[in-house]
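The values are calculated or read from the model by the stated rules, or taken from the named source; none is laboratory data. Source: prediction; values computed, not measured. Reconstructed Cβ throughout: ideal geometry from the backbone, glycine too, with neighbour counts over all protein chains shown. When the accessible area is computed, the model is the full protein with side chains, heavy atoms only, and any ligands, DNA or RNA have been set aside. Shrake-Rupley method; radii C 1.70, N 1.55, O 1.52, S 1.80 Å.
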Amino acid sequence: MAAAPVASQAQAVLRGRLCDPAFVHSRLRSSPDTNYSKLKYLVSSSVSEACNNSVLLLGPRGCGKGAVLDMVLEDLKEEHPDAISVIRLNGMLHSDDNCATKEIARQLCLEHQLSFSKMASSDDNTEFMIDMLRECGLAHKTVIFVLEEFDLFAQGKQRLLYSLLDAMQSLTSQAVVIGLSCRLDADQLLEKRVRSRFSHRKLLFVPSSLDDIQRLMEHLLMLDKDSSLPTNYVTEYNSRLTSIFSNKKFKGVLDSLTDTDATTSNILRFLFRVVSYMDMESGFLSMECFTDALSSMQRQPKMDSLQDLSILELYILVCMNRLEDKEQKSYNFNTIMKEYKSIQDAYKTSDKYATTVCFRAFEHLLDRELITFADTKGRNVALEYRPVKLLISSRELAQSLKLNTTCPAVLQKLLDRERYM
């Protein structure tokens, strides 16, 4: 088999994995200590034993609460196809009690093929919900309420939560309430009457460690030996990938990636780019695939704008950066020109421009939104007297100077704080 078809086939396999949530999180099914196993046991026992339950899934955004819940519900629907009904609410949309009860009634009618009345009052919808819970219980069908952004439901009078949990106290009802929240104190927001009806079960989700993220990458990128791809190719591919994972440079890429966003969704976006950079001639991933993918994800519009600036505009930005390093609270165009003149006097450079030319460069930076006015009070004041501030960081400025081939060496020296502060 030629290298290009093999590479295309391998690339298709990897992309399919990255787009399949079931495969991405399949490792969670193998361990009995994961939140997946605990949540599945809790909900499945409620279904099989016909009892009521409530649980909170707590943890920061992007740590897998929703993914684990979706996996559990998907598995339970396969195991108990006619015994589960799922009602989903979101605190951002349904925190109002009237809106929430109406949405519950609508989804229950849709699930059980009943006609839904838009004109029904909140009390009618609440009574309908209680009746449906009783009827589902008698039919041995469990209603699972998924409340995303649970903390938003815990604001106000909490009438929905009280009605829901109170209805679950009945011997005939059969329901499970699952709340998801990024607030770890979500249960403490509940009123006493609501808290007394809540089971106080909580599953805590924590952000993935670097080792967990690397294991996830290995799980997603390593090819199976029993796949349809040639055995020699799979062996060589996995061998090269293992050497990349043990490379110090890869550790640096992983650190840079997770410094900004360590969520699973961001890791998947990164890996999709890595696979897109695969060398189609050899059919293997290289270290360059990972570094190129990281660079493409870290690109920012302001960094692109900095690459097209003139030398004079770079001087103005460096002058402003120096003024901010000196903790000068307020400065304007005239202050910048004084700093610019001091640089010219100190270094005797040939990059000397007239004030009118500098002012046009200053206006150009304002138009590009690399700098902006510090306040909106002086709209009637001449531009050269209005306070301004930088909209880029020192790191971004230093990086752009290094990438700019026409940048004078003196500008890079001026940004060296340890030597020129």
Answer with yes or no whether Leu403 is modelled with pLDDT under 80 and under 17 Å from Leu309 (Cβ atoms). yes
Under 7 Å between Cβ atoms, at least 6 apart or on separate chains: pull out the pairs that start in the range 190-211 with a residue that is closer than 12 Å to Leu165 by Cβ and end on any residue that is open to solvent by 100 Å² or more (accessible area, probe 1.4 Å). Arg197/Gln169
Boolean, Thr101 is touching a residue at least 40 places away in the same chain (Cβ under 8 Å), in a helix (DSSP H, G or I) and of a type in the set (Val, Ile, Thr): yes
Members of the range 35-46 that are within 21 Å of Ala22 (Cβ to Cβ), in contact with a strand residue (DSSP E or B) (Cβ under 9 Å, 6 or more places away or on another chain) and either buried (at least 21 other Cβ atoms within 10 Å of the Cβ) or not hydrophobic (A, V, I, L, M, F, W, C) (or both): Asn35, Lys38, Leu39, Val43
If I go through the range 394-409 residue by residue, how many of them are open to solvent by 50 Å² or more (accessible area, probe 1.4 Å) and either under 21 Å from Lys302 (Cα atoms) or of a type in the set (Ser, Thr, Tyr) (or both)? 6
Considering each residue of the range 217-237, count those that are open to solvent by 20 Å² or more (accessible area, probe 1.4 Å) and either touching a helix residue (DSSP H, G or I) at 6+ places or on another chain (Cβ under 9 Å) or free of Cβ contacts under 8 Å to residues at least 40 places away in the same chain (or both), and give that number. 13
Return the total of residues in the range 152-188 being acidic (Asp, Glu) and either free of Cβ contacts under 8 Å to residues at least 12 places away in the same chain or crowded, with 23+ Cβ neighbours inside 10 Å (or both). 1
All-but-one check, Lys249 against (1) loosely packed, with under 14 Cβ neighbours inside 10 Å; (2) touching a residue at least 40 places away in the same chain (Cβ under 8 Å); (3) closer than 25 Å to Cys182 by Cβ, failing number (3)
Residue match in the range 165-184 (condition: under 30 Å from the mean Cα position of the chain (by Cα), part of a helix (DSSP H, G or I) and at pLDDT 90 or above): no
Leading residue by the ranking (most open to solvent (accessible area, probe 1.4 Å)) among those in the range 104-143 that are farther than 26 Å from Cys51 by Cβ and among the hydroxyl-bearing types (Ser, Thr, Tyr): Ser115
Every residue from the range 13-34 that is in a helix (DSSP H, G or I), open to solvent by 60 Å² or more (accessible area, probe 1.4 Å) and either under 22 Å from Arg269 (Cβ atoms) or in contact with a helix residue (DSSP H, G or I) (Cβ under 6 Å, 6 or more places away or on another chain) (or both): Arg15, Pro21, Arg27
For the range 355-386: of the residues being surrounded by 15 or more Cβ atoms within 10 Å (Cβ to Cβ) and among the basic types (Lys, Arg), which is nearest to the chain's Cα centre (by Cα)? Arg368
